[in-house]
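Note sheet for the following structure.
Bear in mind that the values in this text are calculations on the coordinates, not laboratory data. Predicted model, so just to flag it, every value in this text is computed and none were measured. Every residue, glycine among them, receives a Cβ derived from its backbone with ideal geometry; neighbour counts consider all protein chains shown.
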Amino acid sequence: MKINLSARILTYILFIISGFSGSIYSVQLTGRVFSEADGRPLEFGTLIAPEARIKSRITADGSYRLTFPNPGRYAITVTSPGYNPYQFVIDLNNDEQRDIRLRLTSIRGATVKIRAERDIQKISRNTLNQNQIKDAPATFGDSINALTTLPGVIRPGVFLGPLIIRGASDRANRYFIDDIPVPNPQHFGGLQSIIGNDLIAEIDLYSSAFPAYYGSAYGAVIDIATIDEVKEFGGVIDVGIVSSNILLKAPWGKNVGGVNLIGTNDNSDQNQSAKNGYWIVAGRIGYLSVLVPPIYTLITGEELLSVPEYYDYQFKGKYFLDDKGNHALSFLSFGNYDTFRFIRNLSSEERERELLEDPTQDPDATRFSNDISSHSQGLYYDYIPSTKLYSRVIAYHTLTNSRFYARARKGPTAESGRGEVNVTNRPNIAGLKHKARLELIPEFFDIKTGLEVSHFYFSASGQAQQRISENFGGAGGSDRSTDVRYVTVPLNFSDSNTVLSFSADPRFTLNGLQIVPGARVDYLNRSGEVAIGPRGLVAYEFDFGTTLSAAGGLYHSFPQVNTFIFNQPFNQQPQVTIAEYLQSEKALHRTLGIAHNLENWEFKSEVFLNSFYDQIQPDSSQTNRFFANSASSQSRGMEFLIRKNGEDTEKGDFYGWLSYTYTEATRNLNGREIPFQFDQTNSLKLILGYKKGIHNFGSRFELYSGYPYTEIIGSTCVSDPCGGQLIEYAAIYNTANPYGARYPMAHRLDLRYTQTRDYSWGSFRWYIEVINVYNMRPVTRQVWDNTIPFAAGSNPRLRPPDFTLSLIPNFGLEWKF
């Protein structure tokens, strides 16, 4: 108190000497924002003082802080998704503390996500909202790509490919869009997500130890929530270098019989339209074949042979059946189509090189093609009679048509080459799901339950290639002389599987203590297995903003219905769907965490230990059995995150996060623990931005360990048994120490500038970014030249990827109205 008084006296004297009069010191308004319904602090929201041009975000523990340059009277508006805005006027002469309580809005759709899932747990969960998704550098403004900025998330293909999260295989992860399971979340397995950013409200990433409600996953869960509130007609047009998006939205018209599909901006009708519901339509088209080839040629001097083309669409509608918003019907439909377009033929030099490498194959024959279309629909009924009860029934359906063709080069022996893959796959998935949340004892006991039946109908034809021995080539390191054995598997079947599921997450809350003893039960009709997964969470939040948490449990997934096994590019194994002898793949998750929130800062640290067992792997020991539950693996490590939320004031503010992840991911091979081929031991990520007025400067820096690989330690001659003529030198891998070497550490810097201007009709935004500013090319391959013998330091050589477009320029334009 003495220090504070002395500072004020000194400041007053200095201003008197300078000729100023009146009050000259800043004042602060602090407090917390709570839900009036249940008294819980709100995790998201904003406080704005328009006259002072000051904004504060509500932090994860509900606290806020507004700093005013001078004492005076200020009007303040408080908003939070799913709650009615609250406005008040306050006279501030000194620092003051005030807690605020918000009422739930009558349009309850926006509160479903917050009150049903978000309050279950904070540990092992990171959230990105729509603005963070769009502003993240080097993601092409894509939602799933933006997840790579978070701790514990890596992408083996650097810019493309599936996500590896906390050292678990990508087939252990599951994706959901508004509770609908998504078999193909990204175009071509990792290019862009199949849903536009402007339809997304936020993404929750559960890195591990997720609640019992989420099924079929034993690694991580990516839960995408779409926007669920439309107040007036509007839209977004986004034009980028690789694709363009459009979204239109409006409330339903007042006349139910003749729905006004174009909406209205008339304020007299706006509230009534919002009560009736809304519609949203969106779509995207990719045009890589138009812009990418000339840019690629300009930068590298080479020509592309083929490029992917794709499009996607989304439609969402919601209609409230009563004026109070207690009953609502919703419909969501989304789909995509992906194909490869060949834009030129092989040159004469390329033909000669192909013939030299493999004289038995026609160089002009198609070596790879992939055509896939997927269409999903969901019909929802929401019943929310009060804040104590929420119930949702979902009927969903997904139909996928996929054709994959690949002709691989032959190896040194008849069986060692992968051979031809030609698979036509049609998975058809339908399900009925019910989820509910009931508060039995206010502020002490509530329970969330889930009940689901899902039916999987499959048909497959053609042939796949089943690996029956180990590949020691490593990530990007295999070559055609690697002694990997394959057998051709003919496909011609139609069959089905049915899964019954039940989950419960009861929660006990006492002051700052939270206990959730959850459980999940799944039954697969084909194998007759009943998989039981107890899960739990214990957390305590102190009054000063620190939370200690522990979470974990048993997780399981039936491989027969895992779309990431039977329908993934380069891993077409549909025969797994009819393998009645396989049991569920399982995992044991254990996570400890500590988090602290201070104004606009968030500090978070977690340690994890995940053990995976009963995993399937190729098995040739049993007749007519291509797989066995004989593999196991483990990942352990720690994550540290510091995040700052910018207040976006006129004077400018920094935002972003710094994270460090240490991971040890291993798997068991014949009784030995060896590194996982995508193990990334150290990963440092810095996302740093600065906003001031219309300007937004963003940057992204990453420093990370190289992947492990198996060293080549020698070579042997492979000769023609008939003529005795030398064909090639085959590499000898260090099988005594698989994946014992590691590629060098790599780093990358990305820069982005965005400018946004507001107009009477909406806003215009443009951005430009440079990905990999200093053209860093990480070493990811061990290249073997089969025309010469082994020579340490020269054959093999460690090289970056063949794809030489490392420095990538990107730009885009966005109109929002």
Handout entry: Paramagnetic reach from L807 in the stretch 751-774 [backbone N under 19 Å; point 7 Å along Cα→Cβ]
Key = 751-753, 768-774
Completion exercise
If unit charges are put on Cβ atoms (+1 for Lys and Arg, -1 for Asp and Glu) and the dipole of the stretch 608-700 is taken about its Cα centre, the option from S699, N645, N668 lying farthest towards the positive end turns out to be S699
Completion exercise
For L537, other-chain or 5+-apart residues with amide H closer than 5 Å (H placed, Pro excluded) are V516, G518
Practice task
Output ³J(HN,Hα) for the stretch 769-782: one whole-Hz value per residue in order, computed from phi by the Karplus curve 6.51 cos²θ - 1.76 cosθ + 1.60 with θ = phi - 60°, and x for Gly and Pro.
Solution key: 9, 10, 8, 6, 3, 9, 6, 6, 10, x, 7, 9, 9, 10
Exercise for the section: Quickly work out the F654-to-S391 label distance, labels modelled 7 Å from Cα along the C-beta direction, and quote it in nm with one decimal. Expected result: 5.2 nm
Practice task
Starting from the Cα gyration tensor of the stretch 496-562, take the square roots of the eigenvalues, sort them a ≥ b ≥ c, and report rounded, prolate or oblate (rounded when a/c is under 1.5, otherwise prolate if a/b is larger than b/c, else oblate).
Solution key: prolate
Practice task
Step through the table entries K249/K324; K685/K816; K231/K604; K388/K586, compare each Cα-Cα distance with 29 Å, and write down the pairs that go over it.
Solution key: K685/K816; K231/K604; K388/K586
Exercise for the section: At q = 0.11, 0.12, 0.13 Å⁻¹, what is the base-10 log of I(q)/I(0) for the stretch 542-701 according to the Debye formula with one equal point scatterer per Cα and no solvent? Please give it to two decimals. Expected result: -0.68, -0.76, -0.83
Problem - Debye intensity ratio I(q)/I(0), log10, the stretch 686-789, q values 0.16 Å⁻¹ (C-alpha model) - result: -0.85
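Taking 0.36 nm per intervening residue step and subtracting the Cα-Cα distance, what contour gain separates N326 from S605 on full extension?
Net length gain for the segment: 96.5 nm.
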Practice task
Any chance you could check the Cα centroid distance between the stretch 755-796 and the stretch 485-525 for me, in angstrom?
Solution key: 38 Å
